[in-house]
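This report refers to the structure that appears directly beneath it.
The values are calculated or read from the model by the stated rules, or taken from the named source; none is laboratory data. Model, not experiment: these values are computed from the prediction. Note that we place each Cβ from the backbone using ideal geometry, even for glycine, and neighbour counts take in every protein chain shown.
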Amino acid sequence: MAYEFNIFDDPQLSPSFIRWLIEKQWPVTSRRFNRLWDYYANPVAESLLTGSDGVADTSRGYVQAQEIGLPVRITGKLFANTLDPAGGKSVGDIQRKEVVIENDIGWRINAMVDFLFGKPVTIQSTAANADRRRNIQTIFQAVFDANGGAVFFQDLAVLGSVYGFVDCIVRPSGLLAERLVNSTSSDTSTLTPDSSFDSVLRSASEITLELIDAPRALPVLEETDYKRIRTYIQHFHQVCNATTDNDTLLPKLFGGSNGGTSRKTVAVTEILGPHAWQRYEDGLLAAEGANPLGRVPVVHIPNLPQPQYYEGISDVEQLMTLQDELNPRLSDRASRITMQSFKMYLAKGLEAMGDKPVSPGRMWFTDNPDAAIEAFGGDADSPSEDLHIAEIREAMDKISGVTPVVAGVLKSKLGNLSSAIALKMTFMGMLSKTYRKQMTYGQGIKDICSFILEILNTANIFKTEVNERNVEVIFPSPLDSEQ
């Protein structure tokens, strides 16, 4: 695809650099981030794997995303595409073994989200006047309710935990966007403040808080400051409500599968600058406009910040290697139990034993004095295997700070946990990580609120001073006993 970028006036943002971001960097970063999501959600795909004899080598009819981390001796496949566990190439005569996947990553991430945003947060304005505080807080409530309410904050935490960061575009839409653009014109006679506070709330509800998946994010940072976004670019393939006709003659002649009708997709590239924005579809300019705010309307929220890096620390990435160690152990144990759970019998010197069932009350006889029936198999204890699995899970507990107790799994006596101090000691790791995240996500919510008031102020809908745009974000305690 030939990208024909005509970038707005920015001497440090050349079309060749944007093409490099899309053609070189985007495939690498999106593949990495997509794998993080696969390890969190562990989606199931229909199995199309077949053995050398043409028979499907899995009776379940599906494969899971985390199977990509299993060794060849279990899957019998060598995966060329690391994001397609349903594909792969057969390796010699190795057959697929019984696969067991226990997603220890998914429930830990969900537990972190429950501790951080399991209860509603309180956003309090710091304006001096009580009436102004009440109106500002009502505006925030209208904006967040229009963008999903509590679900918005939970999505915020999930994306941050999985990818290590989450970006939020504060985007005006509808009549508010038109009014914001007209605010830069010389004729401001039509930009009188709205007389009704209800009309202010209606305008505020037109502000969209768009959470950006990390696979589509291509931020251009200041060369001397990694914390500042100079220009924000996102690139992704958008599925359209239309079809495209691929019914050409060539696939028909050679029996290919590319013919027929499929759903249409468009490669979208959006460029957000401090003074203008552009949207390209399949490399061609589709829309553009001015940005009267004078800064990039993007709020960057790191999950757990790391120095000198734009991205934060991903909770999933830290657990991937241990998850890849746990899944083979569980699969090996399943294969061992399958082979040893039932006794098997070896008949020596008995004729025509192949069609005789083994059942209680049945008798065999023979004239061969050396005939015998030997039993073998049966499940045997393997303490080293159980200990290794337990140690892997304990390592995941230490790295993530999320223990089974957090999810309500009690395997031993914990004593009297009725006091707040006892609960804090039990959930120490989880609470420490939650408090750290409250600082980063709380600051992100403050920046979002500041953008909301700045947009309404610039559009001359709800005028505010800079010092009135400060807020405090109060997180409720994740433990009810601390209330």
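Worth a mention:
- The conditions of being modelled with pLDDT of 90 or more and either over 30 Å from ASP315 (Cα atoms) or not assigned by TED's automatic domain parsing to the domain that holds GLY444 (or both) are not met by ASN110.
- Residue within the range 361-371 that is at pLDDT 80 or above, aliphatic (A, V, I, L, M) and either over 30 Å from VAL99 (Cβ atoms) or under 56 Å from the mean Cα position of the chain (by Cα) (or both) present: yes
- Flag for GLU288 being among the charged types (D, E, K, R) and surrounded by 15 or more Cβ atoms within 10 Å (Cβ to Cβ): no
- Pick from the range 453-483, criterion within 26 Å of the chain's Cα centre (by Cα) and not in a loop (DSSP other than H, G, I, E, B), ranking: nearest to ALA128 (Cα to Cα): VAL473
Results for (1) at positive phi; (2) at pLDDT below 95; (3) in a helix (DSSP H, G or I), shown as yes or no for each residue.
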position: ALA128; (1), (2), (3): no, yes, no
position: PHE144; (1), (2), (3): no, no, yes
position: PHE153; (1), (2), (3): no, no, yes
position: VAL158; (1), (2), (3): no, no, yes
position: VAL162; (1), (2), (3): no, no, yes
position: ASP167; (1), (2), (3): no, no, no
position: VAL170; (1), (2), (3): no, no, no
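- Condition check for ILE139: surrounded by 14 or more Cβ atoms within 10 Å (Cβ to Cβ), at pLDDT 90 or above and of a type outside the set (Phe, Trp, Tyr): yes
- Filter pass, ASN467 being farther than 24 Å from GLY401 by Cα and surrounded by fewer than 15 Cβ atoms within 10 Å (Cβ to Cβ): yes
- Only a single item in (1) exposed (fewer than 15 other Cβ atoms within 10 Å of the Cβ); (2) at pLDDT 85 or above; (3) within 20 Å of LEU330 (Cβ to Cβ) is not met by LYS24, and it is number (3).
- Test: residue in the range 89-99 that is of a type in the set (S, T, N, Q), surrounded by fewer than 18 Cβ atoms within 10 Å (Cβ to Cβ) and either assigned to a helix (DSSP H, G or I) or at pLDDT 80 or above (or both): no
- The range 52-78 - residue that is exposed (fewer than 15 other Cβ atoms within 10 Å of the Cβ) and part of a loop (DSSP other than H, G, I, E, B) and, of those, modelled with the highest pLDDT: PRO71
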